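Colleague: This structure is in structure tokens; I'll ask about it shortly.
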Amino acid sequence: MVTTAIAAVVMASGLGAFQAGEGISGSEIVVGMSGPFTGASRSLGIELYRGSLAYFTEINRRGGVNGRTISIKAYDDGYQPEAAVKNTIRLMLEDQVFTLFNYVGTPTVTRVLPLLKSYDGLRFRLFAAFTGSQPQREAPYDRVAINYRASNRQETEGLVSNFRGIGRTRVAVFYQADSYGRSGWAGVRSALASQNQKIVGEATYARGTAYTSSLRRQVAILQESKPDVVISIGAYEACAAFIRDARRAELNVPIANVSFVGSESMLELLKAEGAADGRDYTANLVTSQVVPSYEDVAIPVVKEYRELMAEHAATVTPPSLWARDYRPLARSFVSLEGFINAKLLVEVLKRLGPSPSRSQMAGAVASMQNLELGTGHSVSFAADRNQGSDAVFYATVEQGRFVALRDWKGWRK
Amino acid sequence: MKVAKLFQKTMFGIFLLFGLIAVSTSALCIWTVDAELSAEYEANSRAIAQSIANSSLDIILNRDLSTLQSLLDQFNEIQGIEYIYITDNQGDILAHTFVPGVPKEIATGERQLAMVERRLDGIGDFVEVASPILEGVVGSAHIGMVQGAVALKLQKAIGRQAYLISIIFIMSIIATHVLVSLVAKPMARLGVYARQLVAPDAPGGLTPGEVQALLERNDEVGQLARVVRHLAVRTAPEQS
């Protein structure tokens, strides 16, 4: 309805025929975000937003980029593709933002990509989406997307490889029944196929499954396959519920999650459940991450992130986007990724100079070679490479918090 | 009393007639709708399977499986489709919409391109249709349609029809009652008038005004009243 109305206005005004505004005024650059600020995955959208805003707030305090402050125009899509599409049309045609930024999720992004292609003439780019799926990394959409993070495929290949190194070769997969889950599933399948192996068991859940749901049926399906390890491709509420039910059913093999899960939110749920049950649900957990551990203050970007998140904590928590009952996380992998995404965007804006335009954006990004953002891993783009980082990090839970995982031998079979 | 009997017979006749109409039209409706819907259902299922197969070809050959899954998720929103899965040419499932997992009957079962009926434990009964992708060289697309969907639509259609017939039946009863009363009342008066002519002193007779009104009617009842009076007048002198 909204989409149709907006499209009608655009057609009537003739905006569709020529380039819309660039989302830039003399004093401000507006970027547009669509993400889950409500629902079972809300922590992902909120924390990504907060991390980015912490950095933008600091940049704005210092005078902005070429005299312009940066702000985020954000809309809630509840992790639903249709809503993401409507939000995108609104951001492009009504708000006329400079770029689309920090989008969350594979099912949403895969539906938005054709839209960007349809409005190719407006030169919008999807910058630093919080998803590791392949479509925005491959033709024909590689031209409209600019990615910071490593892909799901790289994360799952890393997990399979590391578990294989310690003798855990019977890999089962628990995944979200949509394009995100399929992307991770395909990554695991591909990594195993290269070793002439197959996934030994698989179970799915519906997107939006809440922590209160029972996932015992999924656990039972995977138990039958007698796995050495379970790799989960999901969001934090469902993945936490799966871990809870798996441990209760004595499925005690390592359970690994990928970065999209929202690790801290998952951990909080498991810790609360453990406190109520008198048992530890956080043992034998591994996560792959695309940013370093936020506990490792020796890493420059982590130190900067921690300082700015603390300094701008009040600023980066505008409650209008989400329900007041949400308790923001002091630090998280997701907000650190949002922080790094913001750093990367600021670097692009600097390279665009005093008169930035969307059409110059791809060139500015491609010019970034061996860029140091303080993560310990350089970021490089090229005309045929639209993903800046290949770095994958691993973490596990010790004493109720995530710490960097460097030695896998503890889980040797 | 005679009027009531007449009325009862008419009502019984109407009831029988409506029963016959209801049963015959329902049977015709069930047969027609079932045949039409089943044919349409099957044709649609095949068309959807074909469409998925055609759309999948390029994705399977050139794109990531998450794109394929995204395609299935969109088709899965169509009413009546319960599940979709796509296999490669080895029969391995590349993408599907099952939650919490691929049923054993499908995971281990033989892949068939012909329409098959499936009973999946804990899920339900389905009609599965399939379409080969590039003549089966690349794989095949399978969709499961809810088997009870046609029956459910039939139930709804029959229910609505029964509701409509019931309303018409009640309205007809009321209308018939009114119409029969219109006929029966003058007939009853005619009967009273005839008895009055035979036994003028018997109680319950008509008033002169009512007799006048009866005799002045233009319809058959008025004609009969006049004939009765004529006969009474003709036979009266002979008796005296």
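Colleague: With θ taken as phi - 60° and the coefficients 6.51, -1.76 and 1.60, list the Karplus ³J(HN,Hα) couplings across region A:226-236 in order, rounded to whole Hz; mark glycine and proline as x.
Modeller: Working through the residues one at a time gives 6, x, 8, 7, 10, 9, 9, 10, x, 9, 4 Hz.
Colleague: I need the shape label for the protein assembly as shown. Rule: rounded when a/c is under 1.5, else prolate if a/b > b/c, else oblate, with a, b, c from the alpha carbon gyration tensor.
Modeller: Since a/c reaches 1.5 and a/b is larger than b/c, the shape of the protein assembly as shown is classed as prolate.
Colleague: Here's something else I'd like to know. Just counting partner chain Cβ atoms within 10 Å, what average do the residues of peptide B:54-66 show around their Cβ?
Modeller: The shielding value for this peptide is 4.
Colleague: How much space per residue, in cubic angstrom, does the convex hull of the C-alpha atoms of region A:101-149 take up?
Modeller: Values: hull volume 2.9 nm³, N = 49.
Here the figure is 59 Å³ per residue.
Colleague: For labels at B:Lys104 and A:Ala313 in the simple 7 Å Cα→Cβ model, what's the distance in nm?
Modeller: 5.4 nm
Colleague: May I ask you to sort A:Lys409, B:Lys9 by Cβ crowding, counting other Cβ atoms within 10 Å and putting the fewest first?
Modeller: By the 10 Å Cβ count, ascending: A:Lys409, B:Lys9.
Colleague: Return the sequence-ordered ³J(HN,Hα) values of region B:89-97 in whole Hz as given by the Karplus equation 6.51 cos²θ - 1.76 cosθ + 1.60 applied to θ = phi - 60°, using x for Gly and Pro.
Modeller: 6, 8, x, 6, 6, 8, 7, 7, 10
Colleague: Once the Cβ-Cβ distance between A:Asp296 and A:Asn196 is put in as r, and R0 is 41 Å, what FRET efficiency do you end up with, to the nearest 0.05?
Modeller: 0.65
Colleague: Still on this model: Non-local amide H neighbours of A:Gly132 (under 5 Å, H modeled in plane, Pro and chain starts lacking H): which ones?
Modeller: A:Asn152
Colleague: Per residue of chain A, what 222 nm ellipticity follows from adding -39500 (n - 2.57) for every DSSP H run with n ≥ 4, rounded to the nearest 500?
Modeller: Values: 12 runs with 158 residues, N = 413.
Result for chain A, helices only: -12000 deg cm²/dmol.
Colleague: Taking the Cα centre of region A:26-167 as the origin, how large is its charge dipole in debye, to the nearest 20, when only Lys and Arg (+1) and Asp and Glu (-1) carry charge on their Cβ atoms?
Modeller: Charge dipole of region A:26-167: 200 debye, to the nearest 20.
Colleague: Rg(Cα) of region A:12-162 divided by 2.2 N^0.38 Å?
Modeller: 1.07
Colleague: Related question: Take the Cα atoms of region B:160-240, build their convex hull, and give its volume per residue in Å³.
Modeller: Cα-based convex hull of region B:160-240, divided per residue, equals 113 Å³.
Colleague: I've got another one for you. Nearest 10 degrees, 0 to 90: what angle lies between the long axis of helix A:42-61 and the longest principal axis of chain A (Cα atoms)?
Modeller: 50 degrees
Colleague: OK, next. Taking the Cα centre of region B:2-153 as origin, sum charge times position over the Cβ atoms of Lys and Arg (+1) and Asp and Glu (-1), and report the length of that vector in debye to the nearest 20.
Modeller: 1200 debye
Colleague: Same structure, new question: Could you compute the FRET efficiency for B:Gln50 and A:Arg62, with r as their C-beta to C-beta distance and R0 at 51 Å, rounded to 0.05?
Modeller: Efficiency computed from Cβ-Cβ geometry: 0.30.
Colleague: With a/c under 1.5 counting as rounded, go ahead and sort region A:144-213 into rounded, prolate or oblate using the C-alpha gyration tensor (a ≥ b ≥ c being the square roots of the eigenvalues; past the cut-off, prolate if a/b is larger than b/c, else oblate).
Modeller: It is oblate, given that a/c is not under 1.5 and a/b is not larger than b/c.
Colleague: Work from the charge dipole of chain A (Cβ charges, +1 for Lys and Arg, -1 for Asp and Glu, about the Cα centre) and give the residue of A:Asn147, A:Gly181, A:Ser320 farthest towards its positive end.
Modeller: The residue sitting most towards the positive pole is A:Gly181.
Colleague: With N set to the number of residues, divide the alpha-carbon radius of gyration of chain B by 2.2 N^0.38 Å and report two decimals.
Modeller: Expressed relative to 2.2 N^0.38 Å, the Cα Rg reads 2.06.
Colleague: Using a simple spin-label model with points 7 Å from Cα along the Cα→Cβ vector, what separation in nm is obtained for A:Ser225 and B:Cys29?
Modeller: 4.9 nm
Colleague: Test of understanding: ordering B:Val183, A:Val302, B:Val102 by Cβ neighbours within 10 Å, fewest first, what list do you get?
Modeller: Details: B:Val183 16, A:Val302 23, B:Val102 19.
Lowest count first: B:Val183, B:Val102, A:Val302.
Colleague: Compute the Cα gyration tensor for region A:33-100, then decide on rounded, prolate or oblate, letting a ≥ b ≥ c be the square roots of its eigenvalues: rounded whenever a/c is under 1.5, prolate when a/b is larger than b/c in the other cases, and oblate in all that remain.
Modeller: Oblate, because a/c is 1.5 or more while a/b does not exceed b/c.
Colleague: Under 5 Å between amide hydrogens, which residues at least 5 positions from A:Phe393 or on another chain qualify, with H placed 1.01 Å from N in the peptide plane?
Modeller: HN-HN under 5 Å from A:Phe393: A:Gln289, A:Val290, A:Val291.
Colleague: Continuing with the same structure: Return A:Thr209, A:Thr317 ranked ascending by Cβ neighbour count within 10 Å, so the fewest neighbours appear first.
Modeller: If I rank by nearby Cβ atoms, fewest first, I get A:Thr317, A:Thr209.
Colleague: Any chance you could tell me what percent of the C-alpha pair distances in region B:18-156 go past 17 Å?
Modeller: In whole percent, the share of Cα-Cα pairs in region B:18-156 beyond 17 Å is 61.
Colleague: Here's another thing I want to ask about it. Among the aspartates and glutamates, select those whose C-alpha is under 17 Å from the C-alpha of A:Lys226, and discard any that sit fewer than 8 residues away in the same chain.
Modeller: Reachable aspartates and glutamates: A:Glu202, A:Asp245, A:Glu250.
Colleague: Could I ask something else about it? Region A:183-251: which GluC sites (Glu not before Pro) are DSSP loop and have at most 15 other beta-carbon atoms within 10 angstrom? Intermediate values should be presented prior to the final figure.
Modeller: Numbers: sites: A:Glu202, A:Glu224, A:Glu237, A:Glu250; in loops: A:Glu250.
Here the sparse-neighbourhood loop sites are A:Glu250.
Colleague: Let me ask something else about it. What FRET efficiency comes out for B:Val227 versus B:Ala39 if R0 is 51 angstrom and r is the Cβ-Cβ distance? Round to the nearest 0.05.
Modeller: Plugging the Cβ-Cβ distance into 1/(1 + (r/R0)^6) gives 0.20.
Colleague: Still on this model: Of the options B:Ser66, A:Gly121, A:Thr38, report the single residue whose Cα projects farthest towards the positive end of the charge dipole of the protein assembly as shown (beta-carbon charges: Lys, Arg +1; Asp, Glu -1).
Modeller: Going by the Cα projections, it comes out as A:Thr38.
Colleague: Could you tell me how far the Cα centroid of region A:204-283 sits from the Cα centroid of region A:284-320, in Å?
Modeller: 24 Å
Colleague: If I model a spin label as a point 7 Å beyond the Cα along the Cα-Cβ vector, how far apart are those points for A:Lys303 and B:Glu216 in nm?
Modeller: Reported label-point gap for A:Lys303 and B:Glu216 is 12.0 nm.
Colleague: Please turn the phi angles of region B:108-123 into ³J(HN,Hα) values with the Karplus equation 6.51 cos²θ - 1.76 cosθ + 1.60 (θ = phi - 60°), one per residue in order, whole Hz, x for glycine and proline.
Modeller: 3J(HN,Hα) across region B:108-123, in whole Hz: 10, x, 6, 7, 10, 8, 6, 5, 10, 9, 10, 10, 9, 3, x, 10.
Colleague: Just going by the charge dipole of region B:2-153, with Lys and Arg at +1 and Asp and Glu at -1 on Cβ, which of B:Leu113, B:Ala53, B:Gln8 is farthest out on the positive end?
Modeller: B:Gln8
A short reminder: the numbers here are calculations on the coordinates, not readings from a lab. All values reported here derive from a predicted model rather than from experimental measurement. In this analysis, Cβ positions are derived from the backbone assuming ideal geometry, glycine residues included, and neighbour counts consider all displayed protein chains.
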